[in-house]
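Just so it is clear, none of the values below were taken in a lab; they were calculated from the coordinates. The structure presented is a predicted model; accordingly, all values stated were derived computationally and were not measured. Counting neighbours? That spans all protein chains shown, and the Cβs are built from the backbone with ideal geometry, glycine included.
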Amino acid sequence: MVREHLPGHDVLPGINPVLRWLFFTLVVKVVCLVVLGVNVRRRHQLPKKGPAFVVANHNSHLDVLLLMTLFPRSILPRLRPVAAADYFFLYKPLAWFAHRIIGILPLEREIAGMRQDPLAGIGVAVERGDIVILFPEGQRGEPEVFEQFKTGIAHLARRYPDVPITPVFLHGLGKALPRDEALLVPFFCDVFVGEPMYWSGKKQTFMEMLNCRMQTLAEEGDFKPWS
Amino acid sequence: MSLGNLPQSVQYAIGGIFGLLVITQIIVAILRRLKPDADYTELSLRVRTWWVMAGVFALAMVLSRTISLLFLAFVSFLAVKEYFSLIPTRRADRRAIFWAYLAIPIQFYWVYHGWYGMFIVFIPVYMFLFLPFRMIMIGETESFLRSTAQIHWGLMLMVFNLSHAAFLLVLKIKGNPIAIPGPGLLLYLVFLTQANDIFQYIWGKLLGKRKIIPKISPNKTWAGFIGGVVSTTACAVLLGEWLTPFDRTQSLAAGLIIGLGGFVGDINISALKRDLGIKDTSGLLPGHGGILDRVDSLTFTAPLFFHYVYWLFLWESHGA
């Protein structure tokens with residue numbers, strides 16, 4: 001197992017399905033529906049079963065929570081968001097939460113001198129039939145500013161050419177809870193789900209295609225600038 | 001059977017609204033039969049959403065006065081949230097907007113206690129002073145005027161103005177502590193405001209030719225406007241004696257206020273949408289658009305109708 005080398009992993013054996021279900025049903029769903037308000041276009045295009053990849057732009061910690069509530073509760077156990085190990089495993093309580101409640105697949109961003117394949121953990125999940133959620137921008141960055149996707153997703157697509165990749169564009173969460181802020185301010189959020197796509201045979205064309213799809217989704221909304 | 005503390009007339013009126021919805025549903029079914037080729041998706045969706053809105057509103061009214069107030073506060077929250085999500089805001093505005101949201105429970109708390117003096121100055125005076133103060137503390141001067149102005153505009157229109165509808169519920173006639181005119185007045189206002197929208201739409205579709213204000217709303221016609229105001233006033237006279245303490249002349253004036261005010265409130269939000277370059281404020285109410293599309297007229301009729309009523313009779317109100 002790839003998780004063995006992660007700090008804190010020995011005391012965190014895995015997801016707590018009951019707490020996870022309760023957290024998403026009682027907390028996240030209520031916040032998303034009442035406090036924020038979500039407008040989803042083409043929800044039916046989200047994968048109904050795994051293995052599948054869902055890729056989205058990243059503005060806020062809320063991104064992953066919102067995305068996970070858009071799936072039927074019955075496939076919650078199959079949902080695995082990929083998150084940076086160095087960030088989420090920094091503190092014990094956060095690590096516990098990220099691991100047991102959110103059920104993240106930790107990704108080691110610091111690759112220097114590492115012997116293991118950083119994407120191996122994701123591979124295990126895909127082979128198990130999970131729906132893996134990724135934010136290929138790498139970090140939340142400037143809120144509501146779309147950055148080009150990093151190429152890790154292309155490696156995964158090449159390794160699993162039969163697994164569908166569904167692009168999703170998110171808007172509004174960066175206004176509600178941007179990076180470096182702890183105060184949640186209600187704003188309506190938009191979620192535009194794109195059509196699933198597959199590995200195209202070449203890294204460059206694949207990345208161009210994916211970025212282009214994201215750009216098209218982003219242009220669907222007539223969003224006012226935010227800075 | 002007694003539903004909550006609602007007067008008999010209000011109970012019948014709520015029943016009547018559902019009766020009207022049943023009739024509408026039948027008309028839609030007949031239309032489908034007569035012209036099966038036409039597309040009725042939008043119309044059916046609209047009517048279905050009317051059922052939900054009328055159902056939630058009636059339930060809130062029936063359950064208790066506190067729940068009615070909470071419901072109206074929530075509508076206010078949804079409307080102002082839609083507004084804040086649509087307008088161009090700055091990152092520096094987040095905290096000011098957060099305080100603007102907090103004004104909602106505070107404003108409805110004054111309503112709950114019937115504290116008229118505080119209710120009437122809290123947003124126009126205290127929030128008006130506090131929001132720029134909060135923005136000054138943040139220190140971003142670029143677009144300062146635009147931000148303070150648009151946040152306060154939203155607060156006035158969607159919180160202050162809408163809370164007038166809620167204050168109707170807590171009004172008590174001086175020297176008559178038993179009478180509860182509030183629910184009847186609120187239902188009268190909300191029903192006539194929504195009816196006015198529908199009348200304008202129907203008259204416009206039937207006879208509308210000359211556009212009344214093409215720059216702002218290309219669908220509004222003189223026939224729709226005049227037909228709407230006349231029909232609304234007729235309804236106001238018919239319902240006035242039954243739901244409100246008005247005599248016939250007073251009902252007539254109330255109908256004119258709601259008909260004219262509703263029209264202006266409607267095109268006020270239309271102008272906002274034109275400015276922002278959008279059609280609907282959101283997709284929250286299928287067939288209608290957003291909450292803001294539905295309460296647009298009410299943002300004008302609520303304060304106009306309230307102050308008319310407030311001037312017309314002698315009320316008990318703490319702090320006035």
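Details
- Principal semi-axes in Å for the stretch B:1-63 [√(5λ), Cα gyration tensor, largest first]: 30, 12, 5
- Antiparallel DSSP beta bridges within the protein assembly as shown, as percent of all bridges there, nearest 5: 30
- Near the amide H of A:Val55, within less than 5 Å, lie the amide hydrogens of A:Leu134, A:Thr166, A:Val168, all on another chain or at least 5 residues away, with H placed in the peptide plane.
- Calculated mean residue ellipticity, 222 nm, chain A: -7000 deg cm²/dmol, from DSSP H runs (n ≥ 4) at -39500 (n - 2.57) each, averaged per residue and rounded to 500.
- Across the stretch A:65-77, computed HN-Hα scalar couplings (Karplus, 6.51 cos²θ - 1.76 cosθ + 1.60, θ = phi - 60°) run 5, 4, 4, 5, 7, 7, 8, x, 4, 5, 9, 3, x Hz from first to last residue, x flagging Gly and Pro.
- Contact order relative to length of the stretch B:203-267, as percent, for alpha carbon pairs under 8 angstrom and 6 or more apart: 28
- Å³ per residue enclosed by the Cα convex hull of the stretch A:69-199: 141
- Column: log10 I(q)/I(0), Debye, Cα scatterers of chain B, q = 0.07 Å⁻¹: -0.29
- Across the stretch B:71-170, Cα-Cα pairs more than 23 Å apart make up 23 percent of the total.
- Estimated vicinal HN-Hα couplings, Hz - the stretch B:182-197 in sequence order (Karplus 6.51, -1.76, 1.60; Gly, Pro = x): x, x, x, 5, 5, 5, 4, 4, 5, 4, 5, 5, 5, 4, 4, 4
- For the stretch B:174-320, the residue among B:Leu189, B:Phe313, B:Pro214 whose Cα projects farthest onto the positive side of the dipole built from Cβ charges is B:Pro214.
- Extent along the principal axes, Cα only, for the protein assembly as shown: 88, 58, 52 Å, with the longest axis given first.
- Base-10 log of normalised Debye intensity for the stretch A:128-190 (one unit scatterer per alpha-carbon) at q = 0.21, 0.25 Å⁻¹: -0.93, -1.11
- Sorting the Cα pairs of the stretch A:2-220 by distance into bins of 10 Å, from 0 upward, gives 8, 35, 41, 16, 1 percent per bin.
- Within chain B, longest stretch clear of exposed trypsin sites (Lys or Arg not before Pro) (DSSP loop, no more than 11 other Cβ within 10 Å): B:1-173
- Computed from the C-beta positions of A:Val35 and A:Trp96, the FRET efficiency with R₀ = 30 Å rounds to 0.75.
- Note on the stretch B:142-190: Kirkwood hydrodynamic radius from all Cα pairs is 12.9 Å, rounded to one decimal.
- Karplus-based coupling profile of the stretch B:40-56, in residue order and whole Hz: 10, 4, 4, 5, 4, 4, 4, 5, 4, 5, 4, 4, 5, 5, 5, x, 5, with θ = phi - 60° in 6.51 cos²θ - 1.76 cosθ + 1.60 and x standing for Gly or Pro.
- Volume of the Cα convex hull of the stretch B:174-320, divided per residue and given in Å³: 131
- Antiparallel bridges, percent of DSSP beta bridges restricted to chain A (to nearest 5): 20
- Here's how it looks for A:Ala83: its modeled amide H is under 5 Å from those of A:Leu105, A:Leu107, which are all 5 or more places away or on a different chain.
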